[in-house]
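Presented below is the structure to which this report refers.
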Amino acid sequence: MEMEKSVTPNAISTILANPSTDSYSEIPQLIVQVVDLKPTGNSRFTFKASDGKMKLMAMLPVNMTSDVNLGKFQNLGLILVQDYSINLVPKTQEKCLLVLKCEVVAPVLESEIGSDSMSQEIEFKPKQETGIVLKPKQDVVAKSAAQIVHEQHQNNAPSERMAMTRRVHPLVSLNPYQGNWTIKVRLTSKGNLRTYKNARGEGCVFNVELTDQDGTQIQATMFNEAANKFYNKFELGKVYYIAKGTLKVANKQFKTVQNDYELTLNENSEVEEVSEEGSPIPKAIFNFVKIDDLGTYVNGKELVDVIGVLQSVSPTMSIRRKADSETIPKRDITIADDSNKTVVISLWNDLATTMGQELLDVVDSNPIVAIKCLKVGDFQGVSLSSIGKSTVVVNPDVPEAENLKSWYASEGKSTSMTSIGAGLTSTKSGAGSFYSDRVAISQITSNSSLGEEKPEFFSIKACISFIKPDQLMWYQACKTCNKKVTTGHVFGYFCDGCQKNVDKYSLRYILALRVSDPSGEAWVSAFNDHAENILGCSADELDKIKQQDEKEFHLKLKQETWTPRLFRVSVAQNEYNGVKRQRITIRAVAPLDFAVESKYLLEEMSKLQAS
């Protein structure tokens, strides 16, 4: 079929309106001109697709590389796009056309279609020269892609030569089906080297987060030999070329960046440090969460980034870890933001001793502090803790920091701050005081849709009306990691978490109890710490009472009923045998303080009168 050697009118608009060829019942003829053709990556070329009116950043398929290098297809040539998809570059949200299949319509034209300027003329001489042929206004220059790369290799300084000879892939273009590739990225987060033990044996592992110049991020993991090889080579904030890794679909349970894929580097992977001079790659990518919004992340798997004005720094404390009795350093810092709320952040290990000391030295000047990758817990309502790959940046060069400086100077310094854990107002908050988002039990049980997408959190005032004595109240737990143990094949008990046999176990509560208020009743679950709070004894102690005196055991359960208490509960949806049902779990419990409760009721009555 002979095709007209011109672009399809409004081809780019058509492509943007249909992000992939799946959008068409019949794929239309889409001919575009290739402008600004240049190599990027080991086996690809990028260009701007033009229809004479609009241009779109694009990438040629791998099978076109040989045609470009041999001169069968050049800059300002025409291609028929037969299959494609549109991807978004995360930082800029710029759309990128990934050409999956195409056909050459014309190797090269004399000029750019629709161009008003002839500052660069194009000359096509297939018999005399091959390759990408560009003719600037003053000269005619005809060189192949190989010649261009060769000259760059000869003329540049060593660090620049490395950049030129490596064709760098943007992270957004990577997929598991590609062959060789090279990426140029900055190390924006680095986890600790940690050991593991499972059914396949022992080993070590660590993770890093990498960012390219478009702001796209990807997580990379290294095991055993690769972990030992690259752990000291990777330094936070430095730029690297990386090649010969394996790409796979990211495990959503463990991924920490917004990318559908993750990298695994092995001992044969290539990692080379790059000179940072003039590098456009951002030094850190933050997704800040306001302090006032932290409640929705309490006890969740998602890590958060926060930024605030440094208010206080505690001395270093030594904490004995329950798991292995090891003593580790800890330091608490407090930050505030323009929601007029503060939050306590616990820094652990090296962050407590090194960065913590730096913060202590400058706390009087109230610098802006940004912290990446924090875990959100429910200690004192809401608390933040650093993990192995958390990073702290003082006075970061981001717009949020400038806004906080202005706010603190103008009004924040004289504003009275309250702790986020002292009382939250959002009904979706995972933690808060027992006097926020107070509801009656019937308001929970009558709404079957609560917790469908994610857990909802509420406070209730109720009494425990019944604790079933013949339920399975506890499980046999490993004393090191608290996970369930089973009878060992040889001796003792086997812990799946620690992957070893243990001589003894402890009991931990998994208690079901019925709570009631004037509006109704509901069954709720209480795990170990909250069950101990309610019953006043450990599961081991209650088991001992049960073994010695059954009547005393029943009396102990009955004594804890019909005492008014305040509960903080989560409501989620569980599916069992195809049937969805509510699961209500106690997240905090406290005895009723009648003075505080009276004050709360008076305030609620005042609100009713005012309305």
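The values are calculated or read from the model by the stated rules, or taken from the named source; none is laboratory data. Not measured: the values here are computed from a predicted model. Methodologically, a virtual Cβ is constructed for each residue, glycine included, from the backbone with ideal geometry; neighbour enumeration extends over all protein chains shown. Surface areas here come from the heavy atoms of the whole protein model, side chains and all, with no ligands, DNA or RNA. Shrake-Rupley method; radii C 1.70, N 1.55, O 1.52, S 1.80 Å.
Figures for the structure shown
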| read-out | value |
| --- | --- |
| First in segment 363-380 and farther than 21 Å from Pro399 by Cα and among the charged types (D, E, K, R), second anywhere and part of a strand (DSSP E or B) and open to solvent by 10 Å² or more (accessible area, probe 1.4 Å), Cβ under 6 Å, 6 or more apart | Lys375/Ser385; Lys375/Ile387 |
| Number of the condition not met by Ser365 [criteria: (1) open to solvent by 60 Å² or more (accessible area, probe 1.4 Å); (2) under 28 Å from Arg587 (Cα atoms)] | (2) |
| Members of segment 179-217 found to be hydroxyl-bearing (Ser, Thr, Tyr) and more than 14 Å from Phe234 (Cβ to Cβ), listed by number | Thr182, Thr195, Tyr196, Thr216 |
| Answer residue from segment 465-486, given it is out of contact with any Phe, Trp or Tyr (no Cβ under 6 Å at 6 or more places or on another chain) and among the polar types (S, T, N, Q) and is modelled with the lowest pLDDT among those | Thr480 |
| Selected residue (criterion: most open to solvent (accessible area, probe 1.4 Å)) from residues of segment 368-411 that are over 20 Å from the mean Cα position of the chain (by Cα) and at positive phi | Gln380 |
| Test: residue in segment 481-498 that is in contact (Cβ under 8 Å) with a residue 12 or more places away in the chain and under 23 Å from Asn574 (Cα atoms) | yes |
| Hey, Val571 in contact with a Gly (Cβ under 6 Å, 6 or more places away or on another chain) and either within 29 Å of Ser448 (Cα to Cα) or open to solvent by 40 Å² or more (accessible area, probe 1.4 Å) (or both) or not | yes |
| Hits in segment 8-39 - residues which are in contact (Cβ under 8 Å) with a residue 40 or more places away in the chain, part of a loop (DSSP other than H, G, I, E, B) and open to solvent by less than 50 Å² (accessible area, probe 1.4 Å) | Thr8, Leu30 |
| Of all residues making up segment 443-484, the number that are crowded, with 20+ Cβ neighbours inside 10 Å and basic (Lys, Arg) | 1 |
| Criterion: modelled with pLDDT of 90 or more, of a type outside the set (Asp, Glu) and over 29 Å from Val382 (Cβ atoms) - qualifying residue of Ile510, Ile584, Ile545 | Ile545 |
| Pairs where the first residue, in segment 499-516, is under 20 Å from Asp529 (Cβ atoms) and the second is surrounded by 15 or more Cβ atoms within 10 Å (Cβ to Cβ) and basic (Lys, Arg), C-beta under 7 Å, 6+ apart | Tyr505/Lys479; Ser506/Lys479 |
| Checklist (1) free of Cβ contacts under 8 Å to residues at least 40 places away in the same chain; (2) part of a strand (DSSP E or B) applied to Ala572, failing item | (1) |
| Residue ID - modelled with the lowest pLDDT, chosen from residues in segment 153-200 that are buried (at least 17 other Cβ atoms within 10 Å of the Cβ) and touching a His at 6+ places or on another chain (Cβ under 6 Å) | Trp181 |
| Any hit, segment 70-79, residues being open to solvent by 50 Å² or more (accessible area, probe 1.4 Å), at pLDDT 70 or above and in contact with a Lys or Arg (Cβ under 7 Å, 6 or more places away or on another chain) | no |
| Pick from segment 439-481, criterion of a type in the set (D, E, K, R) and under 31 Å from the mean Cα position of the chain (by Cα), ranking: nearest to Ala588 (Cα to Cα) | Glu456 |
| Conditions (1) in contact with an Asp or Glu (Cβ under 9 Å, 6 or more places away or on another chain); (2) open to solvent by 50 Å² or more (accessible area, probe 1.4 Å); (3) at pLDDT 90 or above: number failed by Leu535 | (2) |
| Wholly within segment 485-532, strands (runs of 3 or more DSSP E) carrying at least 1 residues that are open to solvent by 20 Å² or more (accessible area, probe 1.4 Å) and under 18 Å from Ala590 (Cβ atoms) | 506-517, 520-527 |
| Where Ile122 falls short, out of the listed (1) of a type outside the set (S, T, N, Q); (2) within 19 Å of Ile31 (Cβ to Cβ); (3) modelled with pLDDT of 65 or more | (3) |
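So that you can scan it fast, the table gives a plain yes or no per residue for (1) buried (at least 17 other Cβ atoms within 10 Å of the Cβ); (2) under 24 Å from Glu402 (Cβ atoms):
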site: Arg331; (1), (2): yes, no
site: Asn340; (1), (2): no, yes
site: Ile345; (1), (2): yes, yes
site: Leu351; (1), (2): yes, no
